[in-house]
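S.K.: Mind having a look at this structure? Questions to follow.
Nothing in this text is a laboratory measurement; each read-out follows from the coordinates by a stated rule. The structure presented is a predicted model; accordingly, all values stated were derived computationally and were not measured. Virtual Cβ from ideal backbone geometry, glycine too; neighbours counted across all protein chains shown.
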Amino acid sequence: MNEDFEKTAEQAAAFQKIWVDSASKMMQAAFTAGPNSAPPEVLKQIRSGIFQALAESWEEFMRSPQFLEGMKQWMEGAINFRKLTNDFMSKVRNEMQAPSRDDVDSLMLNIRHIEKRLLDRLDELSTQVNQLNQQVHAKTGSARSDQRRSSRTSATQNRKRVARTQKAG
C-alpha cells in the first residue's frame with residue numbers, strides 16, 4: 001500500500017515538474033521580445049514562443065515513462081473489461097438458453113455456403129437448359145424459329161397499333 005502511494009506521489013511530482021517547466025518556458029518566450037519591436041510583432045513572437053513551449057512540453061509529457069506506463073495500464077484495463085463483459089454476456093445468454101454469438105456466426109456462415117452452392121447449381125442448370133434449347137432449335141430447323149419470330153413481331157406491331165389508337169381516341 002505504501003509503495004503504491006510513493007509511486008503515485010512520484011508520478012504526480014514528475015507531472016508537476018513537466019507543467020512547471022512548460023509554464024516557465026512560456027513566460028521566457030513571452031518576454032524575449034525587444035523593446036524596439038512593434039506591438040504586432042511582439043504579439044506574434046509571444047504567440048510563437050508559447051506554442052513552441054507548449055509543443056515541447058506536450059512532447060516531453062507524452063514521451064515520459066509515467067505517461068506511457070499510465071497508458072499501458074489503461075489499455076490493459078480496457079482489454080480486461082472487454083473480456084469480462086464478453087464472459088458475462090455469454091453467461092447471461094447461456095442462462096437464458098439463447099444462442100451465443102458464435103452460434104449465430106456459424107449459422108450465418110453455413111447459410112452463406114448453402115446459398116453459394118445453390119447459386120452455382122442454378123448457373124449450371126441454366127447453362128444446360130440453354131444448351132438443350134440450342135440443340136432443339138438446331139434439330140427443328142430454322143423454319144419454326146422464323147415462324148415464331150414473325151408471330152412475335154406481328155403481335156408487337158398489333159400492340160403498338162392498339163396503343164396508338166388509344167392515345168388518339
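S.K.: What FRET efficiency comes out for Thr156 versus Lys116 if R0 is 35 angstrom and r is the Cβ-Cβ distance? Round to the nearest 0.05.
M.R.: 0.35
S.K.: Multiply the residue separation of Asn2 and Asn86 by 0.36 nm, subtract the distance between their alpha-carbon atoms, and state the gained length in nm to one decimal.
M.R.: 26.8 nm
S.K.: So who's got an amide H within less than 5 Å of the one on Ser64, skipping anything under 5 residues away but keeping other chains? H placed 1.01 Å off N, in plane.
M.R.: Amide H neighbours of Ser64: none.
S.K.: I'd like the projected area of region 2-95, averaged over all directions, using the convex hull of its alpha carbons. Report it in nm² with one decimal.
M.R.: Averaged projected hull area, Cα only: 9.8 nm².
S.K.: Which lysines does Lys72 reach when only Cα atoms under 18 Å apart count, and residues fewer than 8 places away in its own chain are ignored?
M.R.: Partners found: Lys7, Lys83.
S.K.: Residue by residue, what Karplus-based ³J(HN,Hα) values in Hz, rounded to whole numbers, does region 100-108 have, using 6.51, -1.76 and 1.60 with θ = phi - 60° and x for Gly and Pro?
M.R.: Coupling constants for region 100-108: 7, 4, 4, 4, 5, 4, 5, 5, 4 Hz.
S.K.: Treating only the Cβ atoms of Lys and Arg (+1) and Asp and Glu (-1) as charged, compute the dipole magnitude of region 47-107 about its Cα centre; round to the nearest 20 debye.
M.R.: Charge dipole of region 47-107: 120 debye, to the nearest 20.
S.K.: What distance in nm lies between label points placed 7 Å from Cα along the C-beta direction at Gln134 and Glu95?
M.R.: Result: 6.5 nm between the two label points.
S.K.: Ok, one more. What net charge do the residues around Ile114 carry, taking every other residue with its C-beta under 14 Å from that of Ile114, with Lys and Arg at +1 and Asp and Glu at -1?
M.R.: In short, +2.
S.K.: Taking N as the number of residues in region 59-138, what value does Rg over Cα atoms divided by 2.2 N^0.38 Å take?
M.R.: Against the compact-globule rule of thumb, the ratio is 2.36.
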